[in-house]
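The values are calculated or read from the model by the stated rules, or taken from the named source; none is laboratory data. Given the structure is predicted, the values throughout are model-derived calculations rather than measurements. Neighbour counts are summed over all protein chains in view; Cβ atoms, including those assigned to glycine, are modelled from backbone coordinates with ideal geometry. Heavy atoms of the whole protein, side chains included, go into the accessibility calculation; ligands, DNA and RNA do not. Shrake-Rupley method; radii C 1.70, N 1.55, O 1.52, S 1.80 Å.
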Amino acid sequence: MLVRLLYASRAREPLAADVLDAILETSLAQNPRHGITGVLCHSNSIFLQALEGSRETVSRLYLNIGQDKRHHDVVLLHFEEIAERAFSGWSMGRVNAGKINAATLLKYSAQGELDPYRMPGAASLALLKELIAGASIVGRSSDRGRS
């Protein structure tokens with residue numbers, strides 16, 4: 001059974017670009033082996049991430065994230081059983097936060113900023129899907145032959 005989980009968290013301290021790159025590289029290396037796909041968005045010390053895969057694997061990964069010392073305020077925003085993946089092209093895509101149009105954010109949030117803590121889970125998911133459509137995702141899965 002496939003599931004999709006969406007969560008938000010805050011970085012305990014500001015993350016240097018190389019630390020964020022290392023997180024993404026770990027995901028790119030580990031996720032294909034475990035059948036995980038998804039997208040990660042990081043902006044202003046806030047993470048918004050969608051994970052897709054088997055219920056057991058996604059649940060285990062979410063629990064590990066909750067115990068990761070780099071995160072705090074880990075909040076489950078959305079969880080559902082799915083018939084198909086929305087993020088199947090990425091073992092872990094990364095949103096280029098610098099390319100997010102303020103008007104796009106305003107469509108889903110009251111302040112026009114990425115703050116999933118103040119957005120309904122469905123709105124956060126819709127935002128990620130729109131970012132895919134607008135080509136704001138980088139770091140596509142290398143196992144799919146993409147750069």
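Identify, by number, the condition in (1) of a type in the set (D, E, K, R); (2) part of a helix (DSSP H, G or I); (3) touching a residue at least 12 places away in the same chain (Cβ under 8 Å) that residue 56 doesn't meet.
Tallying (1) of a type in the set (D, E, K, R); (2) part of a helix (DSSP H, G or I); (3) touching a residue at least 12 places away in the same chain (Cβ under 8 Å), residue 56 fails exactly one: (3).
Suppose we filter the stretch 43-86 for residues that are within 22 Å of residue 15 (Cβ to Cβ), open to solvent by less than 40 Å² (accessible area, probe 1.4 Å) and of a type outside the set (Ser, Thr, Tyr); how many remain?
The qualifying residues number 10.
Can you find, within the stretch 117-147, the residue that is nearest to residue 40 (Cα to Cα) among those that are modelled with pLDDT of 90 or more and open to solvent by 30 Å² or more (accessible area, probe 1.4 Å)?
Selected residue: 126.
List the pairs whose first member sits in the stretch 115-127 and is free of Cβ contacts under 8 Å to residues at least 60 places away in the same chain, whose second member is exposed (fewer than 14 other Cβ atoms within 10 Å of the Cβ), and whose Cβ atoms are under 7 Å apart, counting only residues at least 6 apart or on separate chains?
Matching pairs, first to second residue: 118/110.
Farther than 16 Å from residue 2 by Cα, open to solvent by 40 Å² or more (accessible area, probe 1.4 Å) and at pLDDT below 85: does that describe residue 99?
Spelling it out, residue 99 is indeed farther than 16 Å from residue 2 by Cα, open to solvent by 40 Å² or more (accessible area, probe 1.4 Å) and at pLDDT below 85.
Within the stretch 22-74, can you find the residues that are among the hydroxyl-bearing types (Ser, Thr, Tyr) and over 16 Å from residue 89 (Cβ atoms)?
Hits for the stretch 22-74 are 26, 43, 45, 54, 57, 59, 62.
Okay, residues lined up against (1) under 19 Å from residue 32 (Cβ atoms); (2) not basic (Lys, Arg):
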residue: 52; (1), (2): yes, yes
residue: 56; (1), (2): yes, yes
residue: 59; (1), (2): yes, yes
residue: 65; (1), (2): yes, yes
residue: 69; (1), (2): no, no
residue: 75; (1), (2): no, yes
residue: 80; (1), (2): no, yes
residue: 86; (1), (2): yes, yes
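As an exercise: evaluate residue 61 against (1) more than 22 Å from residue 21 (Cα to Cα); (2) within 16 Å of the chain's Cα centre (by Cα) and give the number of the one condition it does not meet.
(1)
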